[in-house]
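A quick write-up on the structure given underneath.
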Amino acid sequence: MQESNIRVLVISVANPILIGIYENNILLKTISQEGKTSDILPFLFGEIMKSYNIKEIFYVNGPGSYMAIKIAYIFLKSISIIKKINLYAVSGFCFNNNSPIKALGKKYFFREFHNSKEKIVIKFLGDAKLEEFLLPQSLENIEFTDNTLPEYNLPAV
């Protein structure tokens, strides 16, 4: 098992699921896997935990697939409690260049700013450009939070 400052970043709000393994904040390994978060995340984490001594876990807590966010949160929160690993969260917009993120049906989440306050809205895609999620080469300058609860951003029913 590799001993050092290993951090893991999980982006599971879209397919493929992306997992980055970082050593001293620099991307060491990228894992990309298509499929359901509930099927893939436990398997991949089992393999990662055999090879690395994880110090911190970061995950995208929204917006995106409601089920993927919920599964990732429950799974990663459980790991963090059992293994005493710090868990942090961040918005998915940090990893797709603020591009719209798939919401419901033909609607997407958009990040908008009004009077210097961020607001996430749901609307049709229109002419907006979609960009893929990418793992950053470094975790420096990313504002993670210890408020890890999912942010579903779903409209009222």
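Counting only residues that are in contact with a Pro (Cβ under 9 Å, 6 or more places away or on another chain) and either loosely packed, with under 12 Cβ neighbours inside 10 Å or closer than 19 Å to E143 by Cβ (or both), region 106-116 holds 2 of them.
Name the residue that is nearest to the chain's Cα centre (by Cα), counting only residues in region 136-157 that are within 22 Å of Y73 (Cβ to Cβ), part of a loop (DSSP other than H, G, I, E, B) and of a type in the set (S, T, N, Q).
Taking region 136-157 as the starting set, the residues that turn out to be within 22 Å of Y73 (Cβ to Cβ) are 136, 139, 142-157.
Going one step further and asking which of them are part of a loop (DSSP other than H, G, I, E, B), we end up with 136, 139, 142-144, 146-157.
With of a type in the set (S, T, N, Q) added as a condition, the list becomes 147-148, 153.
Details: N147: 14, T148: 11, N153: 15 Å.
The extreme case among them is T148.
The residue list I19, I6 contains one member that is assigned to a strand (DSSP E or B), of a type in the set (V, I, T) and touching a helix residue (DSSP H, G or I) at 6+ places or on another chain (Cβ under 7 Å), which is I19.
Summed over region 1-34, the residues that are small (G, A, S) and modelled with pLDDT of 95 or more give a count of 3. Just to confirm my filter: which strands (runs of 3 or more DSSP E) fall fully inside region 48-135 and include at least 1 residues that are within 24 Å of Y22 (Cα to Cα) and charged (D, E, K, R)? Ranges flagged: 52-60.
Taking region 56-71 as the range and being in contact with a Pro (Cβ under 8 Å, 6 or more places away or on another chain) and either crowded, with 17+ Cβ neighbours inside 10 Å or of a type in the set (A, V, I, L, M) (or both) as the test, the residues that pass are N61, G62, I69. Among the residues of region 46-91, those that are touching a residue at least 24 places away in the same chain (Cβ under 8 Å), of a type in the set (S, T, Y) and farther than 18 Å from N5 by Cα comprise S65, Y66, Y73, S91. The residues of region 27-48 that are surrounded by 14 or more Cβ atoms within 10 Å (Cβ to Cβ) and within 20 Å of L139 (Cα to Cα), listed by number, are L27, L28, K29, I31, F45, I48.
Check whether at least one residue in region 95-105 is of a type in the set (A, V, I, L, M), surrounded by 11 or more Cβ atoms within 10 Å (Cβ to Cβ) and in contact with a strand residue (DSSP E or B) (Cβ under 6 Å, 6 or more places away or on another chain), and report yes or no. Looking for residues that are of a type in the set (A, V, I, L, M), surrounded by 11 or more Cβ atoms within 10 Å (Cβ to Cβ) and in contact with a strand residue (DSSP E or B) (Cβ under 6 Å, 6 or more places away or on another chain), one finds at least one in region 95-105, hence yes. The listed residues are F144, F95, and the only one of them that is at pLDDT 95 or above and in contact with a Leu (Cβ under 8 Å, 6 or more places away or on another chain) turns out to be F95.
The values are calculated or read from the model by the stated rules, or taken from the named source; none is laboratory data. From a predicted model like this one, the values you see are computed outputs, not experimental measurements. For neighbour counting, all protein chains shown are included, and Cβ atoms are generated from backbone atoms with ideal geometry for every residue, glycine included.
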